1. Every residue in segment 356-388 that is within 16 Å of Leu459 (Cβ to Cβ), hydrophobic (A, V, I, L, M, F, W, C) and without any contact (Cβ under 8 Å) to a residue 40 or more places away in the chain, please.
2. Collect the residues in segment 414-452 that are touching a strand residue (DSSP E or B) at 6+ places or on another chain (Cβ under 7 Å) and closer than 14 Å to Thr393 by Cα, keeping them in residue-number order.
3. Go over the candidates Tyr412, Tyr430 one by one and state the one that is touching a residue at least 24 places away in the same chain (Cβ under 8 Å), aromatic (Phe, Trp, Tyr), touching a helix residue (DSSP H, G or I) at 6+ places or on another chain (Cβ under 8 Å) and surrounded by 15 or more Cβ atoms within 10 Å (Cβ to Cβ).
4. Residues being open to solvent by 30 Å² or more (accessible area, probe 1.4 Å), more than 49 Å from the chain's Cα centre (by Cα) and charged (D, E, K, R): count how many of those fall in segment 359-392.
5. Does Val302 meet the test of being over 41 Å from the mean Cα position of the chain (by Cα), open to solvent by less than 60 Å² (accessible area, probe 1.4 Å) and under 19 Å from Asn342 (Cβ atoms)?
6. Could you give me the residue pairs with C-beta distances under 7 Å whose first residue belongs to segment 194-205 and is modelled with pLDDT of 95 or more, whose second residue is among the basic types (Lys, Arg) and part of a loop (DSSP other than H, G, I, E, B) wherever it lies, and which are 6+ apart or on separate chains?
7. Give the residues of segment 448-485 that are open to solvent by 10 Å² or more (accessible area, probe 1.4 Å), more than 18 Å from Gln221 (Cβ to Cβ) and in contact with a Ser or Thr (Cβ under 6 Å, 6 or more places away or on another chain), sorted by residue number.
8. Just checking, how many residues over segment 438-456 are touching a helix residue (DSSP H, G or I) at 6+ places or on another chain (Cβ under 9 Å) and under 17 Å from Asp385 (Cβ atoms)?
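The values are calculated or read from the model by the stated rules, or taken from the named source; none is laboratory data. Nothing here was measured: the structure is a model prediction, and the numbers come from that model. Cβ placement follows ideal geometry from the backbone for every residue including glycine, while neighbour counts extend to all protein chains displayed. Quick note on the areas: whole protein, heavy atoms, side chains included, nothing else; ligands and nucleic acids left out. Shrake-Rupley method; radii C 1.70, N 1.55, O 1.52, S 1.80 Å.
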Amino acid sequence: MRGLLLLFAMLWLTLGTIGCTDETGPAGDGSDADTDTDSDSDSDSDTDSDSDSDSDSDSDSDSDSDTDTDSDTDTDSDTDTDTDSDTDSDTDTDTDTDTDTDTDSDSDCPGLCVAQGECRNLNGTYLPDYTCPAETPICCDAVATTDSDTDTDTDTDTDSDTDTDTDTDTDTDTDTDTDTDTDSDSDSDGDAPHPFFVGNITTGGNGVDTSGLTYSDYWDQITPENAGKWGSVQSTAGGTRNWSGLDSIYAYTQSHNIMFKQHVFVWGSQQPNNSGAIQEAEVKSWMSEFCTRYPDTKIIDVVNEPPPHTTPAYANNIGGGTNGDWAWITNSFKWAREACPNAILVFNDYNTIEWTNDNQHFIDITKTALSNGAPIDAIGCQAHDLDPGMASTQTMKTLITKIHNDTGLPVYITEYDISTSDDNAQLNIYKDQIPFFIETPWIHGLTIWGWIYGQTWSLASESGLVRNGSSRPAMTYLMDLLGRPAP
């Protein structure tokens with residue numbers, strides 16, 4: 001065979017053809033490729049979660065309402081939380097890759113190179129995919145055969161096990177015991193704007209300390225007996241005002257830390273001379289100048305002893321209304337509030353807790369004035385007629401309670417005096433009445449009208465509590481009750 005090919009080549013050489021190259025190169029190189037890929041993936045995931053929660057809560061609450069408050073609260077809280085978490089994760093990955101590449105090259109001459117570098121087989125058929133290499137100018141390149149087998153096996157096994165156990169136990173026990181005890185006999189107006197006081201008045205005119213005794217050792221409030229009356233400050237309507245007596249008394253209260261009470265703004269007695277000429281402007285000026293001069297005045301008797309007891313000569317000039325709408329009383333309180341906004345304004349009268357007729361008349365006036373806008377803060381009950389043989393203690397309690405209930409106002413005992421030469425009789429009345437005044441929540445204070453025997457006002461000449469420098473039994477009892485020394 002090879003001899004024939006050589007002979008055929010010699011014949012082609014006679015045609016003057018030598019060496020050809022195909023520029024397309026080895027694009028068709030007879031390559032066979034087989035790739036087998038096997039991938040197996042197994043994933044197993046198991047998750048077990050167990051959660052147990054137990055909660056017990058007990059709450060006991062007891063509440064009794066009184067006004068001593070005891071509160072005990074015990075809170076026990078136990079919380080146990082156990083959490084166990086186990087996670088097992090196994091991942092196995094096996095990858096096997098087998099690649100077999102077989103390349104077979106046959107050296108048989110597929111054809112001969114001819115003119116223009118063509119490669120033809122023995123039948124003269126043009127073989128465009130073959131080249132004519134220079135080193136073998138006669139035969140074309142041999143055919144190359146490549147077999148490639150690739151086998152890839154991947155096995156992935158993932159096993160994941162998660163076990164979580166959570167146990168939470170919470171026990172909370174709360175026991176609250178609240179006991180509140182309120183023992184109070186007071187009503188809406190029972191809370192006084194100041195401590196209960198037991199005071200007295202000046203002695204012998206404007207004297208405070210007297211007969212070698214220091215006033216503030218025994219009394220925690222003072223009322224000027226006469227110095228605060230309009231006629232004592234201003235002798236004639238329109239004239240100059242003389243404040244010297246009040247100045248000394250007020251200064252004493254400031255330096256000894258005792259309460260100052262004014263007596264009185266508007267009254268039908270002890271007014272300036274020619275008081276019938278007084279007009280609204282003068283009343284307002286009198287009140288305003290007083291409260292500017294004595295700003296720490298705690299209590300003021302604004303109107304004292306209304307009709308039928310007394311009537312100011314200037315009542316019609318400041319509103320009139322006697323036995324009608326009582327406008328002059330209403331106006332007096334309104335102007336006092338404007339001049340003295342921080343003081344307790346009192347409507348003061350006598351016989352109101354001793355005699356039934358006076359009691360009701362006074363209540364009627366008060367209610368009328370209140371309904372017309374009078375800013376009356378409290379009632380003043382003078383209490384002069386409680387001497388032995390006069391109004392009884394029970395009558396006093398009944399009538400003073402009626403005043404409070406009917407007007408809705410708290411009460412001050414403003415001019416208390418028990419006039420008798422009998423020490424035991426005076427003592428017994430003090431024992432019957434003084435505790436009632438102190439213990440009644442809507443009675444806010446007590447002023448005794450004089451304390452030095454022989455220097456009290458004329459209609460109660462035997463009411464004094466200290467005689468010849470020594471305490472009468474009623475004084476000793478009272479000081480002991482108040483926790484104060486007795487002369």
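1. The answer is Ala383, and nothing else.
2. Listed by number, the residues that qualify are Tyr416, Asp417, Phe437.
3. One residue alone meets the criteria, Tyr430.
4. Here the count works out to 1.
5. For Val302, the condition - over 41 Å from the mean Cα position of the chain (by Cα), open to solvent by less than 60 Å² (accessible area, probe 1.4 Å) and under 19 Å from Asn342 (Cβ atoms) - is not met.
6. If the second residue must be among the basic types (Lys, Arg) and part of a loop (DSSP other than H, G, I, E, B), the pairs left are His194/Lys298.
7. Gln455, Glu462 - these are the residues of segment 448-485 that are open to solvent by 10 Å² or more (accessible area, probe 1.4 Å), more than 18 Å from Gln221 (Cβ to Cβ) and in contact with a Ser or Thr (Cβ under 6 Å, 6 or more places away or on another chain).
8. 4
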